[in-house]
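Q: Sending over a structure as structure tokens; questions will come in a sec.
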Amino acid sequence: MGVVMNKHNKKIKIENLPDSELDIMFVLWHSDKPLKASEIVKILIKSHVWKTSTVHTLLARLEEKHFVTVDKESYSHYFSPLISEDEYRAAESQSVLARLCGGSIKKMVASLISNESISDEDIKELTDMLQKNQMEMLQQNSIDIENKGGLK
């Protein structure tokens with residue numbers, strides 16, 4: 001999918017995760033502390049009938065892919081995400097954009113609008129985000145020009 005820097009400043013390739021691994025990542029992303037496999041099983045009990053051994057297998061895969069880190073200091077192993085939800089979402093979005101829309105954000109938005117998949121509220125929020133981004137870019141350009149000694 002893409003390459004990002006994780007929170008330990010290590011470049012890692014982010015690949016598309018299967019739903020089962022992604023479900024575990026969502027649990028870890030929304031936890032305020034590292035979790036044991038058994039705790040993950042309890043959280044996912046409503047949506048998955050997984051044994052702790054299954055979750056251990058999925059966590060081992062996530063560790064191999066550098067998505068999670070494991071603290072093996074104590075008898076119980078505690079798992080934490082190495083990649084943030086925002087980093088994964090950005091890489092996944094870039095992948096979908098490249099595969100389905102030839103890298104064109106304009107094509108993606110046009111598709112959402114033409115299929116009525118986007119609400120008026122979404123359009124307003126997107127417009128506000130774009131205007132905010134544009135203002136930040138203009139401010140940054142102004143700072144860059146000032147740092148270079150102004151216009152000549």
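Nothing in this text is a laboratory measurement; each read-out follows from the coordinates by a stated rule. Source: prediction; values computed, not measured. So basically every Cβ, Gly included, is an ideal-geometry build from the backbone, and we count neighbours across all protein chains shown.
Q: What residues qualify as long-range amide H neighbours of ILE14, i.e. H under 5 Å apart, gap of 5 or more or another chain, H built at 1.01 Å from N?
A: GLY2, VAL3, VAL4
Q: Roughly how big is the chain's charge dipole about its Cα centre, with Cβ charges of +1 (Lys, Arg) and -1 (Asp, Glu), in debye to the nearest 20?
A: Details: 20 positive and 23 negative charges, 109 e Å.
About 520 debye.
Q: Right, something else. Kindly write out, for segment 134-144 in residue order, the coupling ³J(HN,Hα) from the Karplus curve 6.51 cos²θ - 1.76 cosθ + 1.60 (θ = phi - 60°), rounded to whole Hz, with x marking Gly and Pro.
A: In residue order, the calculated couplings are 4, 5, 5, 5, 5, 5, 5, 4, 5, 5, 4 Hz.
Q: Another question, if that's okay. Looking at this model, which pairs from LYS13/LYS36; LYS13/LYS107; LYS106/LYS148; LYS51/LYS72; LYS13/LYS106; LYS33/LYS65 are more than 23 angstrom apart at the alpha-carbon? Don't skip to the answer; put the middle values down first.
A: Values: LYS13/LYS36 25 Å; LYS13/LYS107 26 Å; LYS106/LYS148 33 Å; LYS51/LYS72 20 Å; LYS13/LYS106 26 Å; LYS33/LYS65 21 Å.
Check vs 23 Å cut-off fails for LYS13/LYS36; LYS13/LYS107; LYS106/LYS148; LYS13/LYS106.
Q: Additional query: Using amide H atoms built 1.01 Å from N in the peptide plane, name the residues 5+ places from VAL68, or on other chains, whose amide H lies under 5 Å from its own.
A: Long-range HN contacts for VAL68: GLU63, LEU82.
Q: With +1 on each Lys and Arg Cβ and -1 on each Asp and Glu Cβ, how big is the dipole of segment 2-85 about its Cα centre, in debye rounded to the nearest 20? Don't skip to the answer; put the middle values down first.
A: Numbers: 12 positive and 11 negative charges, 22 e Å.
Computed about the Cα centre, the dipole is about 100 debye.
Q: Positive end of the charge dipole of the chain (Lys, Arg +1 and Asp, Glu -1 on Cβ, about the Cα centre): tell me which of GLN131, HIS66, LEU112 has its Cα farthest that way.
A: Comparing the listed Cα positions along the dipole, HIS66 ranks first.
Q: Separate question: Explain nothing, just compute: Karplus ³J(HN,Hα) = 6.51 cos²θ - 1.76 cosθ + 1.60, θ = phi - 60°, for every residue of segment 104-114 in order, whole Hz, x for Gly and Pro.
A: Per-residue couplings from phi come out as 9, 5, 4, 5, 5, 5, 4, 5, 5, 5, 5 Hz.
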